[in-house]
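Structure, as structure tokens:
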Amino acid sequence: MDKIKLMNIKKFILSLYMLFIFILFYICVIHFNHAAAAAASLGDEAYKVGPLDVLRITVAGKPGIDALFTISDDGLINFPLIGEVTVSGLTVQEIKQKITDLLGKDYLVDPKVFVSIEKYNSQKVIVWGEVKSPGVYVLTGRTTLLEIIAQAGGITDRAGKRITLFHNALDPKQREGVSVAEVVGSVGQKDALVIDIDQLVQKSDLSERFLVTSGDVIIVEAQKDSDINQQRVYITGCLARPGSYEYQNGLTALSLCIIAGGFSDRAAPQKATLIRNIDGKDIVYKIDLNKIKSGQAADFKLKPGDRLNVPESFW
């Protein structure tokens, strides 16, 4: 009998222990979710939405509304009952207040409106040059120069000492359909901010000072060494500005042509050739730049020292 009582007591204590563990786990999950939601909301609070951003808007009650809304090029969403609402340039909190006021004015009594950002699409920057993954990146809130470079995979071992930052180098009206190469090729005509990489990394107050904003172009420059041939690419033939250009990570045959001002009227892009030195031997590649331009062929990635030629058409 005593053994049975002892076993029952042990089972009871074990049950209490398991219940305690479950409650502790539940509290941790709730705390984590609240912390994650708070972090996300902090990012959303400072972010001003723009065209192509996607909002999730929920209105509790009758009629219940829970839908996604893509902001138009004009900065509008078409909201049930209200119609067109201008939201571009507003924060999540400002959109919530605006829709609450419009619904409460003529349609619902004390509406409960919830707004969040489902997809960030409107604020884009270009990170180019000596980073591991050059390309276009979307901002999701306050972003420093170091943070956006980290998103691009960080700098390569060929990176030099300077970062060039072109603020708002891409016209918002031209962002769609404009290639990265075209933007990078044209930013040299704009005012630039040159930043020393070592100082940026070593001084935390300096890194916090350099924020990137929509339309910025960031170029991490390559090292300057004695072998200039290994830091440049060359383009000859029928182009607006043939010559030598500093090699940047991610550079392609077509983008080099764009940087060099594009083809002349007498160019034969379909007969382009590229010479690359491999182990002391020149290898010749035939490249059809017309097919690359039309998307029928993949672009040709360049390497330092490559020599591209676009011949003249004889027809």
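Applying the set (1) modelled with pLDDT under 85; (2) closer than 30 Å to residue 50 by Cβ; (3) of a type in the set (D, E, K, R) to residue 216 leaves exactly one unmet item: (1).
Residue count for segment 95-115 satisfying the condition of being surrounded by 12 or more Cβ atoms within 10 Å (Cβ to Cβ) and in a helix (DSSP H, G or I): 9. Only residues that are closer than 16 Å to residue 210 by Cα and surrounded by fewer than 20 Cβ atoms within 10 Å (Cβ to Cβ) were counted across segment 144-164, and they come to 7.
What are the residues in segment 95-117 that are more than 22 Å from residue 213 (Cβ to Cβ) and in contact (Cβ under 8 Å) with a residue 60 or more places away in the chain, if any? Write out each step before concluding.
Here is the first cut: in segment 95-117, the residues more than 22 Å from residue 213 (Cβ to Cβ) are 96-116.
The answer is 115, 116.
When residues in segment 269-286 are screened for being surrounded by fewer than 17 Cβ atoms within 10 Å (Cβ to Cβ) and in contact with a helix residue (DSSP H, G or I) (Cβ under 6 Å, 6 or more places away or on another chain), 1 of them pass.
Test residue 292 against the stated conditions and say whether it is at pLDDT 90 or above, in contact with a Phe, Trp or Tyr (Cβ under 9 Å, 6 or more places away or on another chain) and buried (at least 19 other Cβ atoms within 10 Å of the Cβ). Spell out the reasoning first.
On the way: at pLDDT 90 or above: yes; in contact with a Phe, Trp or Tyr (Cβ under 9 Å, 6 or more places away or on another chain): yes; buried (at least 19 other Cβ atoms within 10 Å of the Cβ): yes.
Considered against the rule, which asks whether it is at pLDDT 90 or above, in contact with a Phe, Trp or Tyr (Cβ under 9 Å, 6 or more places away or on another chain) and buried (at least 19 other Cβ atoms within 10 Å of the Cβ), residue 292 comes out as yes.
Taking the criterion of being in a strand (DSSP E or B) and within 17 Å of residue 243 (Cβ to Cβ), the residues of segment 274-311 that qualify are 274, 275, 307, 308, 309, 310. State whether one or more residues within segment 199-211 are part of a helix (DSSP H, G or I), in contact with a Phe, Trp or Tyr (Cβ under 6 Å, 6 or more places away or on another chain), among the β-branched types (Val, Ile, Thr) and modelled with pLDDT under 85. Checked segment 199-211: no residue is part of a helix (DSSP H, G or I), in contact with a Phe, Trp or Tyr (Cβ under 6 Å, 6 or more places away or on another chain), among the β-branched types (Val, Ile, Thr) and modelled with pLDDT under 85.
Tell me, please, whether a residue that is outside the structural domain of residue 153 (by TED's automatic domain parsing) and at positive phi can be found in segment 271-282.
Of all residues in segment 271-282, those outside the structural domain of residue 153 (by TED's automatic domain parsing) come to 271-282.
Imposing the further condition that a residue be at positive phi reduces the set to 279-280.
Yes - at least one qualifying residue is present in segment 271-282.
The values are calculated or read from the model by the stated rules, or taken from the named source; none is laboratory data. For clarity, every value in this text was computed on a predicted model and none was experimentally measured. Note that each Cβ is placed from the backbone with ideal geometry, even for glycine, and that neighbours are counted across all protein chains shown.
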